[in-house]
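Coordinate-derived values only; no laboratory data. Computed from a predicted structure; not experimentally measured. Cβ atoms come from the backbone with ideal geometry, glycine included; neighbour counts cover every protein chain shown.
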Amino acid sequence: MGDVLVFAEHLGGHFPKTTLTAVNAGTELAKRRGGSAIAVVMGDAPDAVAAEIAKYGAAKVIALKHPALKNYLADAHAAALAALVKKTGAEFVLTTATAEGKDLMPRLAARLDAPMASEITAINDDGTYVRPMYAGNAMATIELEGPVKVITVRGTAFDAAKPAPSASPVENLDAEIDSATLKQEFVSFNQTKSDRPQLTEARIVVSGGRGLKSGENFKVVLEPLVDEMGAAMGASRAAVDAGFVPNDLQVGQTGKVVAPELYVAVGISGAIQHLAGMKDSKIIAAINKDEEAPIFSVADYGLVADLFKAVPEMVEELKKVKAH
Amino acid sequence: MKILVPIKRVPDPATTIRVLPDGSGIATDNVKWVINPFDEIAIEEALRIKEKQSGGEIVLATVGQTTWQEQLRTGLAMGADRAILVKNDGYLDSLGIAKVLARVISDEKPELVLLGKQAIDDDSNQTGQMLAELLGWPQATFASKVEIAESKVTVIREVDGGLETIAFKLPAIITTDLRLNEPRYASLPGIMKARKKELKEIPLDSLGLALSPKLKIKKLTAPPKRQAGKKVGSVAELVSVLHTEAKVI
Ligand SMILES: Cc1cc2nc3c(=O)[nH]c(=O)nc-3n(C[C@H](O)[C@H](O)[C@H](O)COP(=O)(O)OP(=O)(O)OC[C@H]3O[C@@H](n4cnc5c(N)ncnc54)[C@H](O)[C@@H]3O)c2cc1C
Ligand SMILES: Nc1ncnc2c1ncn2[C@@H]1O[C@H](COP(=O)(O)O)[C@@H](O)[C@H]1O
């Protein structure tokens, strides 16, 4: 009882920082419930990634192998993970609420007839959890009942696991999957190419909104600022819908949730759905020509200005600061 | 092709949500109720598939109170053919909703089920995936493009870091993302026609399902409020405070 299986997401031999967040949150949950955190790496050749994850302090790492686990697909991964839950008798299955985590965990929960809590932000001592609802306008205290519980954690609410003094033991297992039941086929992954830091991992995020007016302006006006600050680039839904930037840059209730040390909102009004994805940032700065824009109600520093003048000026000012 | 679209009634996304002082729920006095925006996208996609195939049937389903008929009528006015309300006044968690929908689906036998990726009230993002597992069907969540050729479906999905394409055979579950389409408005003739379309009500009890929610909401609290800071007078001042005061650059 009390053991936590942590689903360790990975792609192409690497894992995102959100995987380490899951390892840490899983370790914390296990500690409170008197069990151990076991990281589960699934794949057709999971060994190398498993060895990497083993450096981050999980009590154990299970490398679960099967040809059907070559690419991430919900049906095969849910089947393999559910069989492992039964085999290990784990009480919890946990991962971070990434696109993959959100896709997989509800399917797993249904397979286990278990309740699922989405995107929790806190684990309470009394066995309850906290999760945001209504675009973060309400924080719910919830309870999960039953022998098995499924949880995704909000990536910004927990720290990433740090390298541990010694490596966790790795156990290699063949996944139990009835291949005849699998129905999904992976076709391709069209990766957005970028040399910039990942949106959910960056120390600074600079986001642009409809105020930028075009994709071209994102390139010639906003990107120099993003790069001068060594930041990740984000966007509002309006900017993504208009096709200015790729969809995976959307910050908000229905996009990515970020909480960097500095969030700079440029030409973004600050709709509640946008605030839901960035209001836990440590420092928020906003540039908007409308002094009534709601973004100013959460910004630590607000500049009422035309962005087309202010942003190039800011790049110059930053260069000056750097030169000192 | 027969397509089933489960829809949920939620507060209009433009509504300011306030938590009741006793934490038992949200204040509903000034709330305008609408179809969950992602479910409107699901209805629109169903309509487009039907138009393209020049035939088929679109059935809406909701698990909720009598008042939810309003949203079913709106969906019928958009062009869906008929609607089912599984009447439930109590609380169900997502798995409970999925079990009820699975039952409706086993009776209706649609080839495709289109849901929203997320209800904007509970923000759970669970029901479609649970339903897929309960039915043993393939799933494609966060769809931004759906292509159907005979019985094979190809879906482009909005995932972290890019776009993923997966494929499978019908029957299947697809959940919608924002970029899939732009939902139409109900036209006046559509609204007139909707009044005569079938809206069947089924009492939840009559389905004989054992549904005891294992996720319980104990209370709601208002989130900590972030204080507005100060306005700066110039770009130079902004950079200076970020550097010397906030020390983030
Ligand atoms: C179901 C649903 C889900 C949603 N999910 C999200 C989500 O996840 N993320 C999200 O961001 N939104 C989301 N939205 C949309 C949200 O409600 C807003 O429509 C959106 O955030 C607005 O984007 P924006 O601020 O870029 O555009 P606008 O609201 O149009 O604001 C543009 C701003 O730019 C300013 N501006 C214009 N020109 C200049 C200039 N030259 N210089 C300086 N400032 C200028 C204007 O003053 C204005 O404040 C969602 C909506 C719904 C219904
Ligand atoms: N009570 C309900 N009745 C019908 N469909 C629902 C209900 N609740 C959720 N759904 C569907 O499931 C989707 C995801 O909801 P959720 O898992 O609650 O975020 C919604 O967009 C709807 O399509």
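Brief remarks follow.
- DSSP assigns beta bridges within the protein assembly as shown; of those with both partners inside it, close to 35 percent run antiparallel.
- Theoretical gain in end-to-end length, B:SER206 to B:ALA222 [0.36 nm per residue, Cα-Cα removed]: 2.0 nm
- Gain in span if fully extended, A:SER179 to A:SER166, counting 0.36 nm per residue against the direct Cα distance: 1.0 nm
- Taking the centroid of alpha carbons for each part, the stretch A:294-308 and the stretch A:66-131 are 40 Å apart.
- Candidates B:GLY56, B:GLY233, B:GLY128, ranked by Gaussian network fluctuation over chain B, Cα under 10 Å, top entry: B:GLY233
- At R0 = 51 Å, FRET efficiency that the Cβ-Cβ distance of B:LYS196 and B:LEU20 yields, to 0.05: 0.85
- Counting Lys and Arg as +1 and Asp and Glu as -1 over every other residue whose Cβ lies under 13 Å from the Cβ of B:VAL239, the net charge comes to -2.
- Between helix A:307-323 and chain A: long-axis angle, C-alpha atoms, 0 to 90°, nearest 10: 80 degrees
- Theoretical gain in end-to-end length, A:LYS219 to A:ASP195 [0.36 nm per residue, Cα-Cα removed]: 7.2 nm
- GNM top mover of B:VAL239, B:VAL155, B:VAL113 - chain B, alpha-carbon springs below 10 Å: B:VAL239
- Span-like helix ranges in chain B, DSSP H, alpha carbon extent 15 angstrom or more, Kyte mean at least -1.0: B:37-52, B:94-108
- With respect to chain A, whose longest principal axis is taken over its alpha-carbon atoms, helix A:17-32 is tilted by about 50°.
- Residue-wise HN-Hα coupling along the stretch A:192-202, computed from phi with Karplus coefficients 6.51, -1.76, 1.60 (Hz; x: Gly, Pro): 6, 8, 7, 8, 7, x, 5, 3, 7, 10, 6
- Taking Cα atoms only, the orientation of helix A:99-112 departs from the longest principal axis of chain A by about 30 degrees.
- Among B:LEU178, B:LEU207, B:LEU115, the largest mean-square fluctuation in a Gaussian network model of chain B, built with springs joining Cα atoms closer than 10 Å, belongs to B:LEU207.
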